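The values are calculated or read from the model by the stated rules, or taken from the named source; none is laboratory data. Predicted model, so just to flag it, every value in this text is computed and none were measured. Note: ideal-geometry Cβ built from the backbone for every residue, glycine included; neighbour counts use all protein chains shown.
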Amino acid sequence: MSKENPQNNDFIKSKKCANWQYICELTLFVLTLIQLFNPSKFLLVIASIILIVEYILSYCAGHFFDTGHRIREMGLIDNSFGEKRIPTYNSENYYNNGTVTVKEIKLLANIHENALFTSRIVGEMIPLRFLLLVFIILLTIVKIFISGLDNYASILLSFIVSSSFLDRVIRLYSLRKSSQEVYDKANEICNIYGKTSPELSALLLPKIVEILLIYENAVFDTKIVLSEKIFHKLNSSLSKEWLNIKNNYSIYSEQKEVEK
């Protein structure tokens with residue numbers, strides 16, 4: 001997959017907002033630890049301001065993600081069906097499916113490739129986030145044992161921060177599960193095509209639309225911006241793996257029009 005695409009600018013903005021949101025959450029957690037040993041109303045005021053900033057950053061991250069997601073969807077449809085709604089963008093450089101000429105099959109190939117990349121990259125993103133979540137939860141439990149349940153404001157802030165980290169990990173697991181499901185279903189479609197007659201191939205179109213909806217809804221609902229570092233690390237190997245997958249399925253090489 002190409003690293004340059006029109007949705008990248010909005011996804012970068014979304015990622016920056018999410019990173020600052022992440023910093024705010026860590027700062028809040030540090031403040032709750034300080035509050036444990038040095039109770040102060042001033043710290044609670046600062047924490048309240050940070051909470052407001054964190055909410056604004058969350059909104060901005062979602063806004064930029066939705067904009068980038070819409071552009072990415074347009075690029076997917078343009079590439080699959082030979083459209084040009086983004087006039088300055090050559091989507092052929094983003095996907096590795098230029099040899100597939102049948103429109104419906106090219107859509108399947110693009111979804112198939114997206115699901116492969118997403119499931120693998122998210123899988124690499126999960127361990128660090130999960131370990132951080134466990135660390136935050138353990139510190140919260142220790143904090144409660146030390147301070148008891150008397151400092152309600154500090155405990156509430158700790159739970160807010162912990163729930164934010166938990167939500168992020170849950171969304172990562174959800175996206176990995178959904179993208180893996182789409183990848184598996186795409187493999188099934190390719191396998192069915194190789195065993196059916198051309199007359200039965202028309203039945204594949206609803207299945208292609210189904211996995212398109214599953215994938216796009218999962219990406220939109222979780223609003224996870226994939227790690228650029230992990231993408232750069234895996235891009236070459238995943239691209240080679242995708243080419244091998246594509247070469248092993250007749251649906252991508254026979255170029256038969258799906259009957260309507």
#### Entry: Counted residues, the range 38-72 - those being aromatic (Phe, Trp, Tyr) and touching a residue at least 60 places away in the same chain (Cβ under 8 Å)
1
### Query
Within the bounds of the range 217-229, is there any residue that is under 17 Å from the mean Cα position of the chain (by Cα), modelled with pLDDT under 95, farther than 22 Å from CYS60 by Cα and not acidic (Asp, Glu)?
yes
### Query
Mind checking which pairs have a first residue in the range 155-170 that is at pLDDT below 90 and a second that is not in a helix (DSSP H, G or I), Cβ under 8 Å, 6 or more apart or different chains?
ILE155/LEU149
### Task
Filter the range 76-110 down to residues that are within 20 Å of LEU238 (Cβ to Cβ) and charged (D, E, K, R), then give me how many there are.
2
### Query
Only one of (1) of a type outside the set (Phe, Trp, Tyr); (2) in contact with a Gly (Cβ under 9 Å, 6 or more places away or on another chain); (3) not in a helix (DSSP H, G or I) fails for VAL100. Which number is that?
(2)
### Query
Does any residue of the range 98-118 turn out to be among the aromatic types (Phe, Trp, Tyr) and within 23 Å of GLU241 (Cα to Cα)?
yes
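Quick check, is GLN35 modelled with pLDDT under 95 and within 30 Å of ASN97 (Cα to Cα)? It would help to see each step written out before you state the result.
On the way: modelled with pLDDT under 95: yes; within 30 Å of ASN97 (Cα to Cα): no.
So GLN35 does not fit the description; no.
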### Number of the exception - ARG176 against (1) charged (D, E, K, R); (2) crowded, with 19+ Cβ neighbours inside 10 Å; (3) modelled with pLDDT under 95
(3)
### Task
Any residue in the range 17-37 that's under 25 Å from GLY62 (Cβ atoms): show its pairings with residues that are buried (at least 17 other Cβ atoms within 10 Å of the Cβ) and of a type in the set (Phe, Trp, Tyr) at Cβ separation under 8 Å, as long as the two are six or more apart or on different chains.
CYS17/PHE64; GLU25/PHE165
### Summary
Going through the range 234-253 in order, the residues found to be aliphatic (A, V, I, L, M) and more than 20 Å from the chain's Cα centre (by Cα) are LEU243, ILE245, ILE251
#### Entry: Selection from the range 134-154 of residues that are β-branched (Val, Ile, Thr) and either touching a Leu at 6+ places or on another chain (Cβ under 8 Å) or modelled with pLDDT of 80 or more (or both)
VAL134, ILE136, ILE137, THR140, ILE141, VAL142, ILE146
### Query
Assuming LEU107 fulfils every condition listed in (1) touching a residue at least 40 places away in the same chain (Cβ under 8 Å); (2) surrounded by fewer than 19 Cβ atoms within 10 Å (Cβ to Cβ); (3) more than 30 Å from ILE23 (Cβ to Cβ) apart from one, which condition is it?
(2)
